[in-house]
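Participant: Pasting in a structure now, in structure tokens, and then I'll have a few things to ask.
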Amino acid sequence: MKRKVWFILPVITLVLGSCAMLQSVIKSTFPYTTTLEMPRSSPVGVELSVTGMANSFDQDFKKDGNNADKVSEVRMESARVESREPHDFNIGNLTMLKVYMSKADSTDEVLVASRTDITAGLGNVMVLDIDNTHQLEKMVREAKVRIRMVYKLRNHIDVNAHLHIVLGLAAVPGRN
């Protein structure tokens, strides 16, 4: 009997894996992440931009990286920035930060999160204000998305700072 259960369980999982409800839960569970570097040569008081590619953990299990073909109404749900290297880098060295998301070829770029009132002594983690007015289905159907971070420094930084961006999405089952 136990052998039969162990055989049936993977079959059920595969069937449910193609289900729109499951894909919407998965897409809403695993955030898109990337780590971007702010060079220590960045001038103070000037808007600067760095870009990188981001993907979601669940995409690593798909051959083509696309696991969102059955979801719709994908919107930004949460966003935060964490200092990675050095770990204790003060994000309060920034006066402003904006995060844009686009397809890998940089088309369809939209603002998804920002913060313009950064406190000087903030620390190494910051929650961003999200912009959830944009539908992001086209982007999450891509193998990777491009993240562009626009920032302005308050103070000169002595190290290359690596900031980890975590973008949480919400999705509903598609109507396919």
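The values are calculated or read from the model by the stated rules, or taken from the named source; none is laboratory data. Because the structure is a prediction, the values reported are computed rather than measured. For neighbour counting, all protein chains shown are included, and Cβ atoms are generated from backbone atoms with ideal geometry for every residue, glycine included. Surface areas here come from the heavy atoms of the whole protein model, side chains and all, with no ligands, DNA or RNA. Shrake-Rupley method; radii C 1.70, N 1.55, O 1.52, S 1.80 Å.
Participant: β-branched (Val, Ile, Thr), modelled with pLDDT of 95 or more and buried (at least 16 other Cβ atoms within 10 Å of the Cβ): is that true of Val127 in this structure?
Facilitator: In short, no.
Participant: Of all residues in segment 140-167, how many are over 26 Å from Arg40 (Cβ atoms) and open to solvent by less than 10 Å² (accessible area, probe 1.4 Å)?
Facilitator: Within segment 140-167, residues that are over 26 Å from Arg40 (Cβ atoms) and open to solvent by less than 10 Å² (accessible area, probe 1.4 Å) number 2.
Participant: Can you say whether Lys63 is at pLDDT below 90, open to solvent by less than 70 Å² (accessible area, probe 1.4 Å) and more than 17 Å from the chain's Cα centre (by Cα), as far as the supplied structure shows?
Facilitator: So Lys63 does not fit the description; no.
Participant: Is it the case, given these coordinates, that Lys138 is among the basic types (Lys, Arg) and at pLDDT 95 or above?
Facilitator: On the way: among the basic types (Lys, Arg): yes; at pLDDT 95 or above: no.
In short, no.
Participant: Within segment 110-159, count every residue that is under 30 Å from Pro86 (Cβ atoms) and not in a strand (DSSP E or B).
Facilitator: So the answer is 18.
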